[in-house]
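K.L.:
Here you go, one structure.
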Amino acid sequence: MNSEVVASSVKQDGPQSLSTPVQVETVPKVNLLGMSRPQLEAFFETLGEKKFRAGQVMKWIHQFFVTDFAEMSNISGKLREKLEQVCEIKAPEVVHRNYSKDGTRKWVFRVGEGAGSLVETVLIPAEHKTGLSRTLCISSQVGCALDCSFCSTGKQGFQRDLTPDEIIGQLWVANHSYMEDVPVAERERSVTNVVMMGMGEPLLNYDAVLSSMYIMLDDFAYGMSKRRVTLSTSGVVPKIDQLGKDIDVALAISLHAPNDALRNELVPINKKYPLEQLIAACQRYIAKNGNESSRRHVTIEYVMLDGVNDHPEHAQQMIKLLKNLPSKINLIPFNPFPHAPYERSSRNRIISFQKTLSDAGFVCTIRQTRGDDIDAACGQLVGQVADRTRRAEQWKKKVEEGNVILRSQG
């Protein structure tokens, strides 16, 4: 945050002195929230401190959710004073939050200075045999440039990439939301899983997303398992290969169509990286297996659009497309948004689609619809709060003119 300090410059002129106000801009404070451990270690060295201070501060920030340096009791008072002068721990501003009756939580954050821009984060709880999980869907960009035809976020256009502190800040706020009234010494990390599946295409904001995932995996921060951090992409093939070299996390593909002709319309990036290239990249990613099982399979996401991609022949095409790719398929009932030219596939059709894939040997699940009462589908609420581009207006015009894919017959 920039601040201004007024100083006095005294000029001697004969027996009298004249004071002239001079404005001096101070250096913005360094936000430690989005810094990885190597970055923090390098930063502390610039302060003349030992590198181990980085681990101490990371624990205070990401495990005890402390933003006041004065509360960091295992750090000397002198260092705390120095950090207070030059640093801050600042998460994105929460401008809206809503907690669903089914346990789903949703936040809208303002990022940037002044009026800024808005992004969303959704937390979805689920009961399992092994206990309760809390999965956080994190955004990586303000809006999205890919403009998938069924996606609410894409209709808002692309504004900018999020910074590491804006990305990891979403995880910080979600954890802190369960710990606000808990004494610092008793606080714990509540989010069990992260999916980079919110607003934006993560692989088009590669460096910031990669840095944030390193923090998620770091034992001095969130200490999450590689299997519990998932990056979802629409199919930026070169970056999938780069991801395989840089980190070991789970991979999900937003597929949504089993053939190039249909996918070109639903997911336009397919025109640049068609299915043959995409599936080959997924196979290469799995081949670079880590010590854990994060790469044993790819998760295939498939939104069910009534009459568009839910016919029996589409299921058969899926079977052929994925036959040599270890994968789990997640069928997603479509979440309608204003002016969307699609409808959700019927429950019976989704179940029939699932049965065809399961009978062919695939693990295929149907995503439970959650948070409908708080517009929990990605992009819905931000679209209502602030449409900052003309893309939504243009989309509405296209729908009215009928120049989009409508349900096919037969």
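The values are calculated or read from the model by the stated rules, or taken from the named source; none is laboratory data. Bear in mind that the values here come from a model prediction, so they are computed numbers and not experimental data. Heads up, the Cβs are rebuilt from the backbone with ideal geometry, glycines too, and the neighbour counts pull from every protein chain shown.
K.L.:
Would you mind finding the one in PHE52, PHE43, PHE69 that is modelled with pLDDT of 60 or more and touching a Lys or Arg at 6+ places or on another chain (Cβ under 6 Å)? If you could, list the steps in order and put the result at the bottom.
P.N.:
Details: PHE52 fails: touching a Lys or Arg at 6+ places or on another chain (Cβ under 6 Å); PHE43 fails: touching a Lys or Arg at 6+ places or on another chain (Cβ under 6 Å).
Residue meeting the stated conditions: PHE69.
K.L.:
What tally of residues in segment 176-227 results from selecting those that are among the small types (Gly, Ala, Ser) and over 30 Å from GLU71 (Cβ atoms)?
P.N.:
2
K.L.:
Further question on the same structure: Looking for something outside any strand (DSSP E or B), hydrophobic (A, V, I, L, M, F, W, C), out of contact with any His (no Cβ under 7 Å at 6 or more places or on another chain) and within 18 Å of MET35 (Cα to Cα) - is there at least one such residue anywhere in segment 127-150?
P.N.:
yes
K.L.:
Out of TYR222, TYR206, report the one residue that is more than 14 Å from the chain's Cα centre (by Cα) and not charged (D, E, K, R).
P.N.:
Criteria check complete, one pass: TYR222.
K.L.:
Mind listing just one residue for me: the one in segment 204-244 that is farther than 13 Å from THR192 by Cα and of a type in the set (S, T, N, Q) and, of those, surrounded by the fewest Cβ atoms within 10 Å (Cβ to Cβ)?
P.N.:
GLN242
K.L.:
Looking for whichever is under 17 Å from the mean Cα position of the chain (by Cα), of a type in the set (Asp, Glu) and closer than 30 Å to PHE44 by Cα here; the options are GLU88, GLU113, GLU120, GLU93. Which one fits?
P.N.:
From the options GLU88, GLU113, GLU120, GLU93, the qualifying one is GLU93.
K.L.:
Can we say GLY131 is among the small types (Gly, Ala, Ser) and either closer than 30 Å to GLU113 by Cβ or modelled with pLDDT of 95 or more (or both)?
P.N.:
Here the answer is no, as GLY131 does not meet what is asked.
K.L.:
Let me ask something else about it. Being out of contact with any Asp or Glu (no Cβ under 9 Å at 6 or more places or on another chain) and hydroxyl-bearing (Ser, Thr, Tyr) narrows it down to one residue among TYR222, TYR178; which is it?
P.N.:
Only one candidate qualifies: TYR222.
K.L.:
Which numbered condition in (1) crowded, with 23+ Cβ neighbours inside 10 Å; (2) in contact with a Lys or Arg (Cβ under 8 Å, 6 or more places away or on another chain) is the only one that SER140 fails?
P.N.:
Among (1) crowded, with 23+ Cβ neighbours inside 10 Å; (2) in contact with a Lys or Arg (Cβ under 8 Å, 6 or more places away or on another chain), SER140 violates only (2).
Residues are listed down the side, and each one gets a yes or a no for (1) touching a residue at least 24 places away in the same chain (Cβ under 8 Å); (2) on the phi > 0 side of the Ramachandran plot; (3) touching a helix residue (DSSP H, G or I) at 6+ places or on another chain (Cβ under 6 Å):
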{"site": "PHE69", "(1), (2), (3)": "no, no, yes"}
{"site": "GLU88", "(1), (2), (3)": "yes, no, no"}
{"site": "PRO92", "(1), (2), (3)": "yes, no, yes"}
{"site": "LEU136", "(1), (2), (3)": "yes, no, yes"}
{"site": "GLN141", "(1), (2), (3)": "yes, no, yes"}
{"site": "GLN159", "(1), (2), (3)": "yes, no, no"}
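K.L.:
Have a look at GLU292, GLU276 and point out the one that is over 21 Å from the mean Cα position of the chain (by Cα), among the charged types (D, E, K, R) and modelled with pLDDT under 95.
P.N.:
Within the list GLU292, GLU276, the selection yields GLU292.
K.L.:
Moving on to the next point. Take the residues in segment 62-94 that are out of contact with any Phe, Trp or Tyr (no Cβ under 7 Å at 6 or more places or on another chain) and β-branched (Val, Ile, Thr); name whichever of them is nearest to PRO28 (Cα to Cα).
P.N.:
Among residues in segment 62-94 that are out of contact with any Phe, Trp or Tyr (no Cβ under 7 Å at 6 or more places or on another chain) and β-branched (Val, Ile, Thr), the one nearest to PRO28 (Cα to Cα) is VAL86.
K.L.:
While we're here: Give me the pairs: first residue in segment 329-346 and more than 22 Å from MET197 (Cβ to Cβ) and touching a residue at least 12 places away in the same chain (Cβ under 8 Å), second residue among the aliphatic types (A, V, I, L, M) and part of a loop (DSSP other than H, G, I, E, B), beta-carbon distance under 8 Å, and six or more apart or on different chains, which are they?
P.N.:
Pairs found: PRO341/VAL404; PRO341/ILE405; PRO341/LEU406.
K.L.:
Please pick out the residue among LEU243, LEU266 that is of a type in the set (A, V, I, L, M, F, W, C), in contact (Cβ under 8 Å) with a residue 40 or more places away in the chain and closer than 24 Å to ASP310 by Cα.
P.N.:
LEU266
K.L.:
Next up: What are the pairs with Cβ atoms under 6 angstrom where one residue, in segment 104-124, is under 10 Å from PRO92 (Cβ atoms) and the other, located anywhere, is buried (at least 19 other Cβ atoms within 10 Å of the Cβ) and among the aromatic types (Phe, Trp, Tyr)? Sequence gap at least six, or different chains.
P.N.:
VAL119/PHE109; THR121/TRP107
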